[in-house]
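Heads up, the thing below is written out as C-alpha cells.
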Number of protein chains: 2
Amino acid sequence: MFASLSRPDSFAKAAVPRTRVAFSEFRYRKDREIFGENEPADYVYQVTTGAVRSYKLLSDGRRQIGAFHLVGDVFGLENAAVHRFTAEAIVDTRVCLVKRESMELIAENDVLVVRDLLNVTTSNLQHAEDHMLLLGRKTALERVAAFLLEMDRRLTQAGFFALPMSRRDIADYLGLTVETVCRELHHLHDQGILGFLSPNQRQIVLLDREKLAHLSL
Amino acid sequence: MFASLSRPDSFAKAAVPRTRVAFSEFRYRKDREIFGENEPADYVYQVTTGAVRSYKLLSDGRRQIGAFHLVGDVFGLENAAVHRFTAEAIVDTRVCLVKRESMELIAENDVLVVRDLLNVTTSNLQHAEDHMLLLGRKTALERVAAFLLEMDRRLTQAGFFALPMSRRDIADYLGLTVETVCRELHHLHDQGILGFLSPNQRQIVLLDREKLAHLSL
DNA sequence: CGGGGGCTTGAGGCCACTCAACGATAGTGG
DNA sequence: CCACTATCGTTGAGTGGCCTCAAGCCCCCG
C-alpha cells in the first residue's frame with residue numbers, strides 16, 4: 001500500500017474502502033536515528049526530501065550499509081515484527097510514515113495492496129542480489145565505478161548529481177575504506193572520466209559513462 | 001502458493017478453488033543447469049532431494065553464489081519475467097515445479113497465496129541482507145565460521161552434516177578463494193572446533209558451536 | 001578567525017590471493 | 001579387480017591489492 005505512494009491512483013483506491021490510513025510527516029536532522037536494528041517495526045517510511053542510510057553493525061563497530069534511500073524510496077518495510085537494519089538520516093530529511101498495523105489491516109483483504117508490498121520487497125531483493133556480487137567479487141575500482149553509475153541513475157538532474165553521503169558512508173556501502181574510495185575517485189578524475197563541481201568534492205559530473213560502465217563490469 | 005508446499009493445508013486451500021496447478025517433478029544430474037540468468041522465468045521450483053546453487057557471473061568468469069537451495073527450499077521465484085540468477089544442480093537433484101503463469105492466475109484472486117509469495121521473498125531478502133554484511137565486512141575466518149553454522153542449522157541430522165557442495169562452491173559463496181577456505185577449515189580443525197568424518201572432508205561435525213558462534217561475530 | 005571534522009595523500013604492512021606442486025579420491029575402462 | 005586418470009582438496013612460497021597509520025589540507029561553521 002505504501003508502494004502506492006508513488007502511484008497515487010492505486011493508493012487512493014487502497015485507502016478508501018476501509019480504514020483511513022494514519023499518515024504523518026516527520027523530520028529528522030542530519031545523523032539522527034530513525035529506527036534501530038531489532039526494534040519493533042511499527043512504521044513504514046517514505047523519503048520526502050533528503051536521504052537515509054540503512055546499515056548493520058558488527059560488535060566491534062564494523063559497519064555495512066545495505067542501501068541508501070533517496071527521495072521517493074520506501075524503507076523500513078520488513079514484513080516482520082522487527083527492523084533488520086538501523087536507519088539514519090544522512091542529511092536533514094523529511095519522511096512520511098504509516099503505521100504498519102493499519103497497513104496490515106488493509107493488506108488482509110486487498111490483493112492489490114499485498115502485491116504492492118511484494119513489488120517493493122522484490123526490488124529490494126534485486127538490489128541486494130546485485131550488491132552481493134559487487135561485495136563478493138568486484139575490485140575497488142569496479143565498486144566505485146558501479147556506485148557512481150547507480151547514483152547517476154538515481155539522482156542526476158541537469159547533467160550532474162550532488163552526493164548527500166560522506167566518503168565514509170560510500171566506503172561502508174562498498175565494503176572498502178575511506179582512503180581507498182578517495183584514491184579510486186581520484187584515479188577516475190585523473191583519467192577524465194568524472195569531474196568535481198564543488199570544492200567539497202560532493203558534486204560530480206560523469207564525463208564518460210561508457211568507459212565507467214566498462215570499468216564497473 | 002509455492003511456499004505452501006511446506007504447509008500442505010494452506011496449499012490445498014489455495015489450489016482447490018480455481019485452476020488446478022500444473023505440478024511436475026523433474027530430475028537434474030550433477031552440474032546440470034536448471035535455468036540461466038536472464039532466461040524467461042516460466043517456472044518456480046522446490047528442491048525434493050539434492051541441492052542447488054544460484055549464482056551470477058562477471059564477464060571474466062568471476063562467480064558469486066547468492067544462495068544454496070537445500071531440500072524443501074523454493075527457488076527461481078523472481079516475481080518478474082526473467083531469472084536473475086543461473087541455477088545448477090550441485091548433485092543429482094529432484095525438484096518439483098509449477099508454471100509461473102498458473103501461479104499468477106491464482107495469485108490474482110487469493111490474498112493468502114500472494115502473502116505466501118511475499119513471505120518467501122522476504123526470507124530471501126533477509127538472507128541476502130545478512131550475506132551482504134558477511135561479504136562486505138567479515139574476515140575469512142568469520143565467513144567460514146558463519147558458513148559452517150548456517151549449514152549446521154540447515155542440514156544437521158544425527159550430530160553431523162554432509163556438505164553437498166565443493167570447496168570452490170563454498171569459496172564462491174563466501175567471496176574467497178578455494179585455498180583460503182581450506183586453510184580456515186584446517187585452522188578450525190586444528191583448534192578442535194570441528195571434525196571431519198569422511199576421507200573427502202565433506203562430512204563435518206561441529207564440536208564447539210559456542211566458540212564457532214563467537215568467531216563468526 | 002579559530003577549531004573541528006571531512007577529505008586527501010603518502011608510506012608501510014598484512015591478509016587474502018596467485019601460482020605451483022603434491023596427495024587423495026572417485027570414476028573409468030581394460 | 002586393478003591400473004589409470006581427471007578432478008578435488010591440501011599445503012607452501014611469494015605477491016599484491018587494499019588496509020592501517022599518519023600527517024596535512026580544506027571547508028564549513030560557529
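The values are calculated or read from the model by the stated rules, or taken from the named source; none is laboratory data. From a predicted model like this one, the values you see are computed outputs, not experimental measurements. All Cβ positions, glycine included, derive from the backbone under ideal geometry; neighbour counts span all protein chains shown.
Test B:Leu125 against the criterion of being more than 15 Å from the chain's Cα centre (by Cα) and not assigned by TED's automatic domain parsing to the domain that holds B:Ser198, and give yes or no. Show your work before the answer.
Values: more than 15 Å from the chain's Cα centre (by Cα): no; not assigned by TED's automatic domain parsing to the domain that holds B:Ser198: yes.
Judged against the criteria, B:Leu125 is not a match.
So in the range B:200-217, with the set limited to residues that are touching a residue at least 12 places away in the same chain (Cβ under 8 Å) and part of a helix (DSSP H, G or I), which one is surrounded by the fewest Cβ atoms within 10 Å (Cβ to Cβ)?
So the first thing to find is which residues in the range B:200-217 are touching a residue at least 12 places away in the same chain (Cβ under 8 Å), and the list is B:201-209, B:211-213, B:215-217.
Now narrow it down to the ones that are part of a helix (DSSP H, G or I): B:209, B:211-213, B:215-216.
Details: B:Arg209: 15, B:Lys211: 16, B:Leu212: 20, B:Ala213: 12, B:Leu215: 21, B:Ser216: 18.
Out of the qualifying residues, it is B:Ala213.
Quick one: which of A:Leu135, A:Leu174, A:Leu112, A:Leu118 is within 16 Å of DNA strand C (Cβ to nearest atom) and within 28 Å of B:Asn119 (Cβ to Cβ)? Full working, then the answer.
Numbers: A:Leu174 fails: within 28 Å of B:Asn119 (Cβ to Cβ); A:Leu112 fails: within 16 Å of DNA strand C (Cβ to nearest atom); A:Leu118 fails: within 16 Å of DNA strand C (Cβ to nearest atom).
Of A:Leu135, A:Leu174, A:Leu112, A:Leu118, the one residue that is within 16 Å of DNA strand C (Cβ to nearest atom) and within 28 Å of B:Asn119 (Cβ to Cβ) is A:Leu135.
Quick check on the range A:140-171: of everything there that is within 12 Å of DNA strand C (Cβ to nearest atom) and not in a helix (DSSP H, G or I), which residue is farthest from A:Thr86 (Cα to Cα)? Spell out how you get there, then give the answer.
Applying the first criterion (within 12 Å of DNA strand C (Cβ to nearest atom)) to the range A:140-171 yields A:144, A:162-171.
Checking the rest, the ones that are also not in a helix (DSSP H, G or I) come to A:162-166.
Details: A:Ala162: 24, A:Leu163: 21, A:Pro164: 18, A:Met165: 16, A:Ser166: 17 Å.
Among those that are within 12 Å of DNA strand C (Cβ to nearest atom) and not in a helix (DSSP H, G or I), it is A:Ala162.
Can you name every residue in the range B:101-113 that is buried (at least 22 other Cβ atoms within 10 Å of the Cβ) and facing chain A (nearest Cβ under 10 Å)? If you could, list the steps in order and put the result at the bottom.
Pass one, the range B:101-113, residues buried (at least 22 other Cβ atoms within 10 Å of the Cβ): B:103, B:107, B:113.
Answer for the range B:101-113, where residues must be buried (at least 22 other Cβ atoms within 10 Å of the Cβ) and facing chain A (nearest Cβ under 10 Å): B:Ala107, B:Val113.
Could you go through the range A:187-198 and let me know if any residue there is over 25 Å from B:Ser59 (Cα atoms), within 22 Å of the chain's Cα centre (by Cα) and either more than 10 Å from DNA strand D (Cβ to nearest atom) or surrounded by fewer than 15 Cβ atoms within 10 Å (Cβ to Cβ) (or both).
no
Across the range A:114-166, what is the total count of residues that are at the interface with chain B (Cβ under 8 Å from one of its Cβ atoms) and of a type outside the set (Asp, Glu)?
18
Against the conditions (1) farther than 18 Å from B:Cys96 by Cβ; (2) not in a strand (DSSP E or B), where does B:Gly72 fall short? Just the number, please.
Evaluating B:Gly72 over (1) farther than 18 Å from B:Cys96 by Cβ; (2) not in a strand (DSSP E or B) leaves (1) as the failure.
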